[in-house]
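The block underneath contains the structure these notes are about, expressed in structure tokens.
Each value in this text was obtained by applying a stated rule to the coordinates, not by laboratory testing. Source: prediction; values computed, not measured. FYI the Cβ positions are ideal-geometry reconstructions off the backbone, even for glycines, and counts take in every protein chain you see.
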Amino acid sequence: RVNGVNCDVTFKLKDGEVFAHKGLLAEHSATFKGKFKHEEGNHEVVEVNGIKSSILDLLFTFIYLQVIDISDKTVCQLYEASDYLQFNDVKKHCVSFFNDALAVGNCLSFSSFAQRYQLLELVEKCDKFIVDNLELVSKELNFRDLNEVKTFIEIKNQQDSCQDSIFRTILNWIKHDFKQRQQFIERLFQLIDVKKLSTAF
């Protein structure tokens, strides 16, 4: 398949070409089932925009071999492509990866992606992870939105009374962009019960 031997469809992308067989694609994708229904027998060239050739090749490799290589760098692109082309089995593998690979360094981007595609169970899991690891997550550069920070701090306050951790969370967030965020210091510090801070502060 890689070299196009005996393939009857060529996908042209901005960064390369990917070869495949119409019949096999049609078996696994409603998109291709409709597209190739009346076009068997002729070699066809299909132009695809918005998908990298490496991502499309990963999708097709799964169709042929039932194995797929997913990483932090490819999972979002794979999900987007499989959603667009209706490869539902690949979407399921991507969601499993999101759940299994959730970590401090990716939870914010995973949460944002899950919200965009309305993956509600994943959104809930990401939000819980963020709250449980709020102080560490606050050190991440992409933790930017003030309302998001306030919401997570309020949830954290409802769960426990560790004001020291919340204090450090606020400081971490402000330090990332002090010039722009110093104006929010007073507003965020109102979320802290100062009486419960340790003497270290």
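At-a-glance table
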{"quantity": "Cα-based helix-to-principal-axis angle, 163-176 vs the chain, degrees rounded to 10", "calculated": "60"}
{"quantity": "Among L78, S53, L122 the positive-end extreme of the charge dipole of the chain (Cβ point charges)", "calculated": "L122"}
{"quantity": "Footprinting exposure proxy for H43, H28 (fewest neighbouring C-beta atoms within 10 Å first)", "calculated": "H43, H28"}
{"quantity": "3J(HN,Hα) from dihedral phi, region 8-15, Karplus parametrisation 6.51/-1.76/1.60, rounded to Hz, x for glycine, proline", "calculated": "10, 8, 10, 9, 9, 10, 4, 10"}
{"quantity": "Nearest 10 degrees, 0 to 90: helix 146-159 Cα axis against the chain principal axis", "calculated": "70"}
{"quantity": "Estimated vicinal HN-Hα couplings, Hz - region 72-83 in sequence order (Karplus 6.51, -1.76, 1.60; Gly, Pro = x)", "calculated": "4, 6, 10, 4, 5, 5, 5, 5, 4, 5, 5, 5"}
{"quantity": "Nearest-ten-degree value, helix 53-65 long axis tilted from longest Cα axis of the chain", "calculated": "70"}
{"quantity": "Sum of -39500 (n - 2.57) over DSSP H runs of 4+, divided by residues of the chain (222 nm, nearest 500)", "calculated": "-16500 deg cm²/dmol"}
{"quantity": "Per-residue Cβ neighbour rank within 10 angstrom, fewest leading, K139, K22, K37, K195", "calculated": "K195, K37, K139, K22"}
{"quantity": "Residue exposure sequence - L197, L141 - by fewest surrounding Cβ within 10 Å", "calculated": "L141, L197"}
{"quantity": "Computed Kirkwood radius, in angstrom, where 1/r is averaged over Cα pairs of region 131-201", "calculated": "12.2"}
{"quantity": "About the Cα centre, charge dipole magnitude for the chain (Lys/Arg +1, Asp/Glu -1 at Cβ), debye", "calculated": "540"}
{"quantity": "Set K128/K150; K22/K73; K73/K175; K52/K139 screened for pairs whose C-alpha atoms are more than 21 Å apart", "calculated": "K22/K73; K73/K175; K52/K139"}
{"quantity": "Top of E80, E135, E47 by mean-square fluctuation, Gaussian network on the chain, Cα under 10 Å", "calculated": "E47"}
{"quantity": "Cα-based equivalent ellipsoid, the chain: semi-axes from gyration tensor eigenvalues, Å", "calculated": "48, 15, 12"}
